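Input: a single structure, listed below in structure tokens.
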Amino acid sequence: MPFGAQVCPDGSVRFRLWAPKAWQVDLCLENSFTKRTPLTPVNDGWFELITRQAQPGSHYRFSIDGGIEVPDPVSRFQPLDVHGPSEVIDPHGFDWRDDGWRGRPWEQAVIYELHVGAFSQAGTFQAVEQKLDYLCDLGVTAIELMPVADFPGRRNWGYDGVLFFAPDSTYGRPEDLKRLVQAAHARNLMVLLDVVYNHFGPDGNYLRLYSPQFFTDRHHTPWGDAINFDQRVVRDFFIHNALFWFEEYHLDGLRLDAVHAIVDESKPGILTELAQAVRQKLGDDRFAHLILENGDNAARYLRRDQNNHAELYDAQWNDDIHHALHVLLTSESDGYYRDYASHPLEQLCRCLTEGFAFQGDYSEFHHAKRGEQSSALPPSAFVSFLQNHDQVGNRAFGERILQLARPQEVKAAMEILLLAPAPPLLFMGEEFGASTPFFFFSDFTGDLAAAVTKGRRNEFAHFAKFSAPDTRDQIPDPNAEDTYLSSKLDWHSLTREDHALWLQFYRELLSIRQQQIVPHLKAVHSTRVDLCAGGMRGLSITWVLTDGTELTLVANLGEEWLGDVTSRTGQHVYFSSPEASRAIEQNRLPPWSVAWSIKSKTS
């Protein structure tokens, strides 16, 4: 990288900082006493120093114009949090033993999203590693870590990170994360990471002091200063960050958070250039997956080449399918759910067959048209879920779906999502029916903490049930430690029968997916909808795969019995909801039940 502290082959360390506003930059090495050594100005705002006074493990800061001392913005580790010194890390110091690992093709993806801190009582990378065998037995093929970039304090969702190259010390050291990745690969598990490229967090970001060109006042984000992607050095910073996670940590994929908040007027845009850099650098040597969260439903980033390979991004989180299912299960219509309140079943059908529900359609919530046509894209371009950190944690009281819908309804929804062609995502704990909430939490102090708490509660002012200020005051304080501790998974609940039965349910479905569905998922040739009856809540969809296999879903997501079932499922039913098996023989499907059939070309 052109940035930061780099250990050279001869044992010296090269320090580089882009500080175009500064006239002087000193390296402050912290040993028994602090040593200050000036960096040499080179060109275009760069300062550089190569010295033998530092080595791996050395702690350092940069002094700007003889005054404030700041951490390295490309620090690989912050042992004392975001305001403390950076530590020199030798990326070649870890003994990798996964040379044979090349990843897994995207169509095999079953993703398990987790927050490192809330996943266990210990809240560390090592504690996640100890659960890898459990995750393998569950049937997932990829774990997705919520952002781990260094954030202020001891707890945070991760979207307030300020040092994007440094895994947060609360979770462990860099080598602990590398050991987790290596252990996952030994078990044939991919590791994905959530990264935030649309803003820096509000506490611990010093870039404006010496490189204000990182930001622009021409655009704004809901969370902080907009990043100036018109600046070449800034673009390189984020492209190198993406490559850093693939190369130094051997990660298998990145999920880019809320890219609709990135405003970039350059050609090509940063999203295109970043994806091209990853594809070009890693080439055909290994699978490198790129996933978007994009509220704009911009299908152009998901296009495939003639061999059905992703040209830029493999997939996007499909909020549309979540929202349609959530409305079907709960009848909620506040906030963005209003866009799905009138025709949720039809929108679910469109998601299952075409990807997005909104493909240029008018959104009442956004007061504008939203999305681009996605019908030509394969199902693999859309990640489906019923729960994730946003859809649970951005509720006022962090309720999971089982607190909002009946078990039979949730099971029917998951019998669709886990067996449909699109890659499914689970949110930690859902597989055993976790009853613990997942709150929004942080660890800010002073005026910032008060502002975050007030802002969090006021977010819900437009919801009818939270219109009164005293009601909003009941929403948990994000900065209270109890809010975070209450969000930790209760693994002891697995000793209870109801939770054990949920786990068995998910394991069985994911086993069926791997055995019956994944072998046929190279591509989907076409789809057809035979039934999508809003009043009766019945649907029937057939996917015709490139090998000629026909995969058919028949579902009843309503309270009335559904007839004329066997004409759609035929004689090749390989899965049905337990209460539906006998009814199918009578050509009917009971309320909230599902049947799947598969017919090979030779059948």
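Read-outs throughout are calculated quantities, based only on the coordinates presented, and are distinct from any laboratory measurement. Because the structure is a prediction, the values reported are computed rather than measured. Cβ placement follows ideal geometry from the backbone for every residue including glycine, while neighbour counts extend to all protein chains displayed.
Counting other beta carbons within 10 Å of each residue's own, what order do Val7, Val195, Val529 fall into, fewest first?
Sorted ascending by nearby Cβ count, the order is Val529, Val7, Val195.
Which length gain, in nm to one decimal place, applies between Arg208 and Ala500 when the Cα-Cα distance is subtracted from 0.36 nm times their residue separation?
100.0 nm
List Tyr134, Tyr171 from most exposed to least, where exposure is judged by having the fewest other Cβ atoms within 10 Å.
By the 10 Å Cβ count, ascending: Tyr134, Tyr171.
Under a Cβ-Cβ cut-off of 12 Å, what is the net charge of the residues other than Ala149 that fall near it, where Lys and Arg count +1 and Asp and Glu count -1?
Residues near Ala149 contribute -4 overall.
From the square roots a ≥ b ≥ c of the eigenvalues of the alpha-carbon gyration tensor of the stretch 82-159, which class results: rounded (a/c under 1.5), prolate (a/b over b/c), or oblate?
oblate
For Cys136, Cys351, which order do you get if you count the other beta carbons within 10 Å of each Cβ and list the fewest first?
Arranged by neighbour count, lowest to highest, Cys136, Cys351 become Cys136, Cys351.
With no solvent and one point on each alpha carbon, what is the Debye value of log10 I(q)/I(0) for the stretch 4-90 at q = 0.17, 0.21, 0.22 Å⁻¹?
Reported log10 I(q)/I(0), two decimals: -0.62, -0.96, -1.06.
State which entries of Lys522/Lys599; Lys522/Lys601; Lys131/Lys178; Lys178/Lys281; Lys267/Lys522 exceed 24 angstrom in Cα-Cα distance in the structure shown.
Violating the 24 Å limit, Cα to Cα: Lys267/Lys522.
Pop out the ³J(HN,Hα) list for the stretch 2-12 in order, Karplus 6.51 cos²θ - 1.76 cosθ + 1.60 with θ = phi - 60°, rounded to Hz; leave Gly and Pro as x.
Running phi through 6.51 cos²θ - 1.76 cosθ + 1.60 with θ = phi - 60° gives x, 9, x, 9, 10, 6, 8, x, 8, x, 6 Hz.
So, counting K/R as plus one and D/E as minus one, what does the shell of residues with Cβ under 15 Å around Ser333 add up to?
-1
Find, among the chymotrypsin sites (Phe, Trp or Tyr not before Pro) in the stretch 459-525, those assigned to loop by DSSP (not H, G, I, E, B) with at most 16 other beta-carbon atoms within 10 angstrom.
Passing both the DSSP loop test and the Cβ count: Phe463.
Any chance you could run the full-extension gain for Ala376 through His220? It's 0.36 nm times the residue separation minus the Cα-Cα distance, nm to one decimal.
52.9 nm
Apply 1/(1 + (r/R0)^6) to the Cβ-Cβ distance of Ala468 and Asn394, taking R0 = 25 Å, and write down the FRET efficiency to the nearest 0.05.
In this case the efficiency is close to 0.80.
Check the straight Cα-Cα distances from Lys411 and name the aspartates and glutamates below 15 Å, setting aside those fewer than 8 residues away within the same chain.
Glu430, Glu431, Asp498, Glu508, Glu559, Glu579
Using a 7 Å offset from the Cα along the Cα-to-Cβ direction at both Arg582 and Leu531, what is the distance between the two label points in nm, to one decimal?
2.1
Which cysteines does the chain leave without a neighbouring Cys Cβ under 4.7 Å?
Cysteines of the chain left without a disulfide-compatible partner: Cys8, Cys28, Cys136, Cys351.
Taking the Cβ of Asp320 as the centre, find all other residues whose Cβ is under 11 Å away and add up their charges (Lys, Arg: +1; Asp, Glu: -1).
Once all neighbours under 11 Å are counted, the net charge is -2.
How far apart, in nm, are the 7 Å Cα→Cβ label points at Cys136 and Ser266?
4.2
Be a star and scan the stretch 1-37 for residues whose amide nitrogen sits under 15 Å from the point 7 Å along the Cα-to-Cβ vector of Arg52.
Taking a point 7 Å out along Cα→Cβ of Arg52, the residues of the stretch 1-37 whose backbone N falls under 15 Å are 8-14.
Pick out, in residue order, every one of the chymotrypsin sites (Phe, Trp or Tyr not before Pro) in the stretch 321-397 that is DSSP loop and has at most 16 other C-beta atoms within 10 Å; say none if there are none.
When the chymotrypsin sites (Phe, Trp or Tyr not before Pro) of the stretch 321-397 are filtered for loop state and at most 16 Cβ neighbours within 10 Å, Phe365, Phe397 remain.
What lysines does Lys35 reach when the alpha-carbon gap must be under 26 Å and sequence neighbours fewer than 8 apart in one chain are set aside?
Partners found: Lys21.
When N is the residue count of the stretch 194-305, what does its C-alpha Rg come to as a fraction of 2.2 N^0.38 Å?
The stretch 194-305 yields a ratio of 1.08.
Test of understanding: given the chain, find the longest segment containing no trypsin sites (Lys or Arg not before Pro) that are in a DSSP loop and have at most 16 other Cβ atoms within 10 Å.
Looking at the chain, 304-495 is the longest stretch - no exposed trypsin sites (Lys or Arg not before Pro) with at most 16 other Cβ atoms within 10 Å.
Output the antiparallel fraction of DSSP beta bridges having both residues in the chain, as a percent to the nearest 5.
Given both bridge residues lie in the chain, the antiparallel proportion sits at roughly 70 percent.
Determine how many Å³ per residue the convex hull of the Cα atoms of the chain encloses.
Enclosed volume per residue, from the Cα hull, is 157 Å³.
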